[in-house]
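**Q** Supplied in structure tokens, the structure appears directly below.
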Amino acid sequence: MSGKAVIGGVGMVKFTKPGTSDPYQVMGANAIKLALKDAGLEPEAIQQAYASYIYGDSACGQGAFYSVKQTGVPVFNVNNNCASGSSAIFMARQAVESGQVDCALAFGFEQMGKGALGTAWPDRYNPVAKAFEALIALRGSVNPGPPTGVMFGTAALEYMEKYDAKNELFAEVAVKTRKHAGKNPYALFTDELTVDDVMNSPVMMEPNLHRLMCCPPTCGAAAVVVMSEEFAKKNGISRLVKIAGQGMASDSEAMSTSALSVVGQDMTRRASDAAYEAASLGPEDAQVVELHDCFTPNEVFTYEGLGLCGEGEATKYVDEGSNTYGGKHVVNPSGGLMSKGHPIGATGVAQSVELVWHLRGDAEARQVEGAKVALQHNIGVPGACVVTVYQAH
């Protein structure tokens, strides 16, 4: 067994609106080239590659990697819903830490269409049905709306009922996130918002989920080079970030007990517990967090799932400014999925790139000063949550 894996190179292209991006293989290749350049490596240094995407034919990973160079190494295609990107990093880390390879590549890309997410295969069983079955069993019925919006909007209703929270809480998170995005040249949406802007935007699911609480579909790509410390030393790579701990979970029977667990709060708790144990660090040690805010209610749920605050304490956490600069943690300094965009296969990898930049002191105007420990949360519903603890090397 090797020691802890480290990230020695990162790259990302700016996300764009659907219909305006380069083809997926161009975006993917450009992100890979940036990560290799950052590490000071040639393509031949990569011994295995893990490609993350969900909208595309089989072997799109090869399509993107071959656009850099056909080196003959194994290329694995990873489709794990919205957690695909961090799943690819998880697999690359395992390959390095097991000693199977010294240097692996995790990259993600997505060329998305406009509008809400839908199924590409209407003629067969959709695993999302399990989530809706659980919601209906719990609540009797669900309000109409786009499928993902219904899942997270229903969970938001449960949270509000359980903890006497106000819908404005989710709007305040959107305001914070957009303010952060204004400092990020990679963010797609940078105009500041007010709570009134959010609350007056169109309703996606009655009565509580507004459009400006929902992330947009976007296109983009990102890549990270994962390696052993020995490989980094041999190749003169010194600007490293350690993958201190990582945990991954899928749905358990807890899904049937709560709408919050339907959208992943239970998975988040189990994955974060595993990551903290592996890293010998906890949420109190992190200065910067990139978490999966596909909907601003999910950011709120995740504060508690990750242990950034106690159960039912998210309103206090937000009111005290604990989720932004000057507070306990800076959450989604990139602007998150809400403002930077959510090209699904690229999302988890892009979160990692952002955190590496902060831990290396490269995040420019949005830099979290003194960042030594970073926390990443990437989730797919149904079925996957990856939590990663990074540490400055």
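The values are calculated or read from the model by the stated rules, or taken from the named source; none is laboratory data. Just so you know, these numbers come straight off a predicted model, no measurement behind them. Heads up, the Cβs are rebuilt from the backbone with ideal geometry, glycines too, and the neighbour counts pull from every protein chain shown. What goes into the accessible areas is simple: the full protein's heavy atoms, side chains included, and nothing from ligands, DNA or RNA. Shrake-Rupley method; radii C 1.70, N 1.55, O 1.52, S 1.80 Å.
**Q** What is the angle, in °, between the Cα long axis of helix 24-39 and the longest principal axis of the Cα atoms in the chain? Nearest 10 is fine, range 0 to 90.
**A** Around 60 degrees separate the two axes.
**Q** Find how much the distance from K17 to D319 grows on full extension, using 0.36 nm per residue of separation minus their present alpha carbon separation; answer in nm with one decimal.
**A** My answer for the length gained is 105.5 nm.
**Q** Please report the equivalent ellipsoid semi-axes of the chain, computed as sqrt(5 x eigenvalue) of the Cα gyration tensor, largest first, in whole Å.
**A** Each semi-axis is the square root of five times an eigenvalue, giving 31, 23, 20 Å.
**Q** Moving on. Over all pairs of distinct alpha carbons, what does the Kirkwood formula give as the hydrodynamic radius of the range 211-257, in Å?
**A** Here the Kirkwood hydrodynamic radius works out to 15.7 Å.
**Q** Show the residues, 5+ positions off or on another chain, whose built amide H is closer than 5 Å to the amide H of V288.
**A** Sorted by chain and number, the residues that satisfy this are V330, V373, L375.
**Q** Please check: in the Gaussian network model of the chain (C-alpha springs, under 10 Å), which one of S84, S256, S352 has the largest mean-square fluctuation.
**A** Greatest mean-square fluctuation among the candidates belongs to S256.
**Q** Here's something else I'd like to know. Compute the distance from the alpha-carbon center of the range 134-198 to that of the range 16-58, in whole Å.
**A** Answer, in whole Å: 31.
**Q** Taking the chain as the reference, fit the longest principal axis to its C-alpha atoms, fit the long axis of helix 147-163 to the helix C-alpha atoms, and give the angle between the two in degrees, 0 to 90, nearest 10.
**A** 60
**Q** Another question about this same structure. Run down the lysines and flag those whose C-alpha is under 16 Å from the C-alpha of K233, throwing out any fewer than 8 positions away in its chain.
**A** K4, K242
**Q** Do any GluC sites (Glu not before Pro) in the range 350-393 lie in a DSSP loop with no more than 13 other beta carbon atoms within 10 Å, and if so, which?
**A** E369
**Q** Sticking with this one: How big is the Rg/Rh ratio for the range 66-168, C-alpha atoms only, Rh by Kirkwood, two decimals?
**A** Radius of gyration relative to Kirkwood radius: 1.11.
**Q** Let me know the shape class of the range 260-304, please: from the alpha-carbon gyration tensor, a ≥ b ≥ c as square roots of the eigenvalues, rounded when a/c is under 1.5, otherwise prolate if a/b is greater than b/c, or oblate.
**A** oblate
**Q** Quick one: what are the phi-derived ³J(HN,Hα) couplings along the range 55-63, Karplus 6.51/-1.76/1.60 with θ = phi - 60°, whole Hz, x for glycine and proline?
**A** Values, residue by residue: 9, x, 6, 4, 6, 4, x, 5, x Hz.
**Q** Continuing with this model, one more query. Determine the distance separating the Cα centre of the range 202-218 from the Cα centre of the range 236-269; give it in Å without decimals.
**A** Cα centroid of the range 202-218 versus Cα centroid of the range 236-269: 24 Å apart.
**Q** Sticking with this structure for a sec: Would you mind working out the accessible area per residue for the chain, using a 1.4 Å probe, and quoting it in Å²?
**A** Here the residues of the chain average 38 Å² of exposed surface.
**Q** Give the long-range amide H neighbours of F76: residues separated by 5 or more places, or on another chain, with amide H under 5 Å away, using H modelled in the peptide plane at 1.01 Å from N.
**A** A49, Y50, A51
**Q** Relative to the longest principal Cα axis of the chain, at what angle does helix 168-181 sit, 0 to 90 degrees, rounded to 10?
**A** 30
**Q** Can you tell me the mean projection area, over all orientations, of the convex hull of the range 350-393's alpha carbons? Units nm², please.
**A** 3.3
**Q** Also, quick follow-up: Quick one: 3J(HN,Hα) in Hz for the range 349-359, Karplus 6.51/-1.76/1.60 with θ = phi - 60°, rounded, Gly and Pro as x.
**A** 5, 5, 4, 4, 4, 4, 5, 4, 4, 5, 6
**Q** Full extension from Q70 to E311: what is 0.36 nm times the residue separation minus their Cα-Cα distance, to one decimal in nm?
**A** Extending this stretch completely gives an extra 81.8 nm.
**Q** When the accessible area of the chain is computed with all protein chains present and a 1.4 Å probe, what percentage of it is carbon and sulfur?
**A** 49
**Q** Using only helices, what value at 222 nm comes out for the chain when you add -39,500 (n - 2.57) per DSSP H run of length 4 or more and divide by the total residues, to the nearest 500 deg cm²/dmol?
**A** After summing the helix terms and dividing by the residues of the chain, the value is -11000 deg cm²/dmol.
**Q** Follow-up. For A244, what residues show an amide H to amide H distance below 5 Å, using hydrogens built from the backbone and excluding near sequence neighbours?
**A** Answer set, sorted by chain and number: V389, Y390, Q391.
**Q** Step through the table entries K176/K372; K114/K166; K114/K162, compare each Cα-Cα distance with 26 Å, and write down the pairs that go over it.
**A** Flagged as over cut-off: K114/K166; K114/K162.
**Q** Could you go through the range 226-236 in sequence order and give the Karplus-derived ³J(HN,Hα) for each residue, using 6.51 cos²θ - 1.76 cosθ + 1.60 with θ = phi - 60°, rounded to whole Hz, and x for Gly and Pro?
**A** Listing the rounded values in order: 9, 8, 7, 5, 5, 5, 4, 5, 4, 9, x Hz.
**Q** Sort largest first and round to whole Å: the equivalent ellipsoid semi-axes of the range 176-277, each the square root of five times a Cα gyration tensor eigenvalue.
**A** Result for the range 176-277: semi-axes of 35, 25, 11 Å.
**Q** Is the range 259-393 best put as rounded, prolate or oblate by its Cα gyration tensor, with a ≥ b ≥ c the root eigenvalues, rounded for a/c under 1.5, and otherwise prolate when a/b is larger than b/c, oblate when not?
**A** Note, shape of the range 259-393 comes out rounded.
**Q** If you don't mind, another one. How large is the dipole of the chain about the Cα centre if only Lys and Arg carry +1 and Asp and Glu carry -1, each at its Cβ, rounded to the nearest 20 debye?
**A** With Lys and Arg at +1 and Asp and Glu at -1, about 940 debye.
**Q** Would you mind calculating the gained length between V195 and K233 on full extension (0.36 nm times residue separation, minus the Cα-Cα distance), in nm to one decimal?
**A** Between V195 and K233, full extension yields 8.7 nm more.
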